[in-house]
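The structure under discussion appears below in the form of structure tokens.
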Amino acid sequence: MPGRAGLEDFCAEQEAPLYSEGMNVLHDLDPQERTLEDVSDCVSDSDEYFGDNFYDDWDNRAINGIADLQTVKFKELTADQIRRLHFPDRSVAFSFYNLYAKMNGFSARKSRIRRNVNNDVTQQAFVCFRQGFRDLCSDNDAARCKREPKPTTRCGCGAEMRVHIHEETGRWIVRYFQEKHNHEMLDDMLTFMLPGHRKMNSAAIDQMNMMLKVGIKTPQIYSSFVHTVGGFHNVPFLKRDMYNQIDKQQRLIGEKWENLVSSLGLHDNEWVCDLYARRKMWATAHMRGHFFGGFRTTSKCEGLHSMLGKFVHSRHNLRDFVEQFFRCIFQMRSREAQSDLQSIVGDLVLQSPLHDLERSAANMLTR
């Protein structure tokens, strides 16, 4: 096995599993990409597949959990070495493949599983996040969409790792491994932004909630995380992940409110209904239906002034100004890196009838 190399993680919980069995690794991908199932009565013929040397060096080829994952030099692993590994369960196998993906410029997701006649899972495939193709809606459906379609990230990549249960040992062995991709691998500065590699753990969530309670706004909280660890690339989540977590918590509060009102029989109480209706006294303005090349103000200069104004104030002395200025630069670089990721990974969904003209403009202006 390769030598030891530490894995750095912000606010990492070393005793917790990297990914829980029930975790949704698809995040904002298409709903139709859920796990597929195949029922079969096949059994593992691994001894025939690997030959007489199947059990050679068996213990040293085992990946049993977090401790073993921390010893792997993922960038130096060869395909032959990966094909000889075995795992205690599918969760550890996926954690291994997703870490391998993170260290090599892509992300992984769970795909097809196979069950035997007893409905036990005997095989599972893990694929590149760009595997398959998205089913695009028609022009009429696109015209009715209220939200702008997300860029297409699927390009039919064939990279895959397939694990199969070994009947004699109960271990999950690598039955198939394809390392070749049909797309460009991402730089380390961009890979961590992929949905499969972003996660807010409980420590980060607790710290965020504590800062929200004292009136600190979400952008400032994220800037605090960035400043603490020395750069946005060291924070294992994005600002929008914080907003998503806040929305999730608010929805939970809404469910608790509904349960409370229902349990007390206050659905028709005028005061209770009015109290809940006035929980938000503002509305967000949206600009839809027109193309402005990404600009949200009258000029790029005003946009930069507005961003700088969030960090620099007249009361700052020279030292504070320099510190706040570099915080502003960090945030601008983070946004630029996210734009680079979207430009490299996704292809814009064509929405006008003039597909050739729109595709040509997209290739010239967004690459």
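No value in this document is a laboratory result; all are computed from the given coordinates. Bear in mind the structure is a predicted one, so any value in this text is a computation, not a measurement. Here the Cβ positions follow ideal geometry from the backbone for every residue, glycine too, while neighbour counts run over all protein chains shown.
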When the chain is fully extended, how far beyond the present Cα-Cα distance does Val261 get from Phe133, taking 0.36 nm per residue of separation? 41.6 nm
Amide H of Val72: which non-local residues (sequence gap of 5 or more, or other chain) have their own amide H closer than 5 Å, using H built in the peptide plane? Ala5
Using label points projected 7 Å from each Cα along Cα→Cβ, tell me how many nm separate Asn64 and Asp80, to one decimal. 2.7
Hey, what's the Cα Rg ratio for the range 132-281 versus the globular rule of thumb, 2.2 N^0.38 Å? 1.55
What's the percent breakdown of Cα-Cα distances in the range 297-365 across 10 Å bins, shortest bin first? 17, 30, 28, 16, 9, 1
According to a simple spin-label model (label point 7 Å from Cα along Cα-to-Cβ), what is the distance in nm between Gln342 and Ser202? 3.4
Which length gain, in nm to one decimal place, applies between Asn209 and Lys180 when the Cα-Cα distance is subtracted from 0.36 nm times their residue separation? 6.2 nm
Compute the length gained on full extension between Lys248 and Val322: take 0.36 nm times their separation in residues and subtract their Cα-Cα distance, giving the result in nm to one decimal. 23.0 nm
Once both labels are modelled 7 Å past Cα along the beta-carbon direction, what's the Met332-Met189 spacing in nm? 1.5
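Using a Förster radius of 22 Å, what is the FRET efficiency between Gln351 and Arg240 based on their Cβ-Cβ separation? Nearest 0.05, please.
0.45
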